[in-house]
1. For the structure I just gave you, tell me whether GLU220 is charged (D, E, K, R) and modelled with pLDDT under 90.
2. When the residues of the range 11-54 are filtered to those that are of a type in the set (S, T, N, Q) and free of Cβ contacts under 8 Å to residues at least 24 places away in the same chain, which remaining residue is nearest to GLY112 (Cα to Cα)?
3. Return the residues of the range 193-220 that are of a type in the set (A, V, I, L, M) and in a strand (DSSP E or B); say none if nothing qualifies.
4. When the residues of the range 133-162 are filtered to those that are touching a helix residue (DSSP H, G or I) at 6+ places or on another chain (Cβ under 8 Å) and either over 30 Å from ALA177 (Cα atoms) or surrounded by fewer than 18 Cβ atoms within 10 Å (Cβ to Cβ) (or both), which remaining residue is modelled with the highest pLDDT?
5. Can you pull out every residue in the range 83-121 that is touching a Leu at 6+ places or on another chain (Cβ under 6 Å) and part of a loop (DSSP other than H, G, I, E, B)?
6. Do we have GLU199 as free of Cβ contacts under 8 Å to residues at least 24 places away in the same chain and of a type in the set (D, E, K, R) here?
7. Collect the residues in the range 23-49 that are assigned to a strand (DSSP E or B) and either under 14 Å from the mean Cα position of the chain (by Cα) or in the same structural domain as SER188 (by TED's automatic domain parsing) (or both), keeping them in residue-number order.
Amino acid sequence: MMPPADGHASLAGYRTLGQFRSAEIVIKRSRFIGWGSPVETEEEALAVLNRIRTEHPQATHHCYAYRVGLGTETIRFSDDGEPGGTAGRPILEVLQREDLRNALIVVTRYFGGTLLGAAGLVRAYTQAAKLAVDACGVVRQMPHARIKVVLDYEWVGKVQHWLQQEGAILENTEYGAQAAFQFLVPQSRAEHVRETLQEMTNGRAKPEALGELYWPVPEETGTAE
């Protein structure tokens, strides 16, 4: 689950990394490990960075870049001791070219004894960052509405079938005196879903909006910003 979409209605969707993963490449005996992770805050980005540093204390460099925030964006990058502009900036440019938000890329280097030169370093860090993106995969986060509906049992089968057809994401089901479904639907279809549920139950069901959040969907079904 991603942060609430409230306050960012103008952002119809955004691309980010799908999961925390790594990939590596060896160039002239230097080992470059590219790490990628979705992150929601700067604190989370720094926590992931510190975890990588702790797990690889003998590495020569831990260069990184991240973009966090969907309203006011925070962008940071670091060469971590490499010549200026040869590591952090190329990593950031990969994030920007892929239009990835709420994302962190770290490239860990174990120096192999051969200098690569400025151009060689830029190529190496760019390649490692791209490998990290490929390893993590990319998803599109889209605004979704969380809805809860309580209804009599006579409507359960019909409503379940219809929600399945609508592609609703069922989060929770409760069975008591009545049945209760809590589910997610794209924000753009929320009003249609609420109205249809009332119509199909002859006004007996009263869908309740519980808020908004971003939820990953296959990118080909997402809408452009």
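The values are calculated or read from the model by the stated rules, or taken from the named source; none is laboratory data. Just so it is clear, the structure is predicted and the values come from calculations on it, not from any experiment. Using ideal geometry, Cβ is built from the backbone for each residue, glycine included, and neighbour counts are taken over all protein chains shown.
1. Details: charged (D, E, K, R): yes; modelled with pLDDT under 90: yes.
Yes: the conditions hold for GLU220.
2. Let us first name the residues in the range 11-54 that are of a type in the set (S, T, N, Q), namely 16, 19, 22, 30, 37, 41, 50, 54.
After this cut, where a residue has to be free of Cβ contacts under 8 Å to residues at least 24 places away in the same chain as well, the list is 50, 54.
Values: ASN50: 23, THR54: 20 Å.
In this case the residue turns out to be THR54.
3. Within the range 193-220, the subset of a type in the set (A, V, I, L, M) is 193, 197, 200, 205, 209-210, 213, 217.
Selection gives ALA209, LEU210, LEU213, VAL217.
4. Step one: list which residues in the range 133-162 are touching a helix residue (DSSP H, G or I) at 6+ places or on another chain (Cβ under 8 Å), which gives 133, 138-140, 142-145, 147, 149, 151, 155, 158-159, 162.
Okay, now just the ones that are also either over 30 Å from ALA177 (Cα atoms) or surrounded by fewer than 18 Cβ atoms within 10 Å (Cβ to Cβ) (or both), so 133, 138-140, 142-143, 158, 162.
On the way: VAL133: 97, VAL138: 94, VAL139: 94, ARG140: 93, MET142: 93, PRO143: 94, LYS158: 92, TRP162: 94.
Ranking the qualifying residues of the range 133-162, first place goes to VAL133.
5. THR86
6. Details: free of Cβ contacts under 8 Å to residues at least 24 places away in the same chain: yes; of a type in the set (D, E, K, R): yes.
Judged against the criteria, GLU199 is a match.
7. First, pick out the residues of the range 23-49 that are assigned to a strand (DSSP E or B): 23-27, 30-38.
Residues satisfying the conditions are GLY36, SER37, PRO38.
Yes/no per residue for (1) touching a residue at least 40 places away in the same chain (Cβ under 8 Å); (2) hydrophobic (A, V, I, L, M, F, W, C); (3) under 17 Å from PHE20 (Cα atoms):
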residue	(1), (2), (3)
TYR64	yes, no, yes
VAL68	no, yes, yes
ILE75	no, yes, no
ASP80	no, no, no
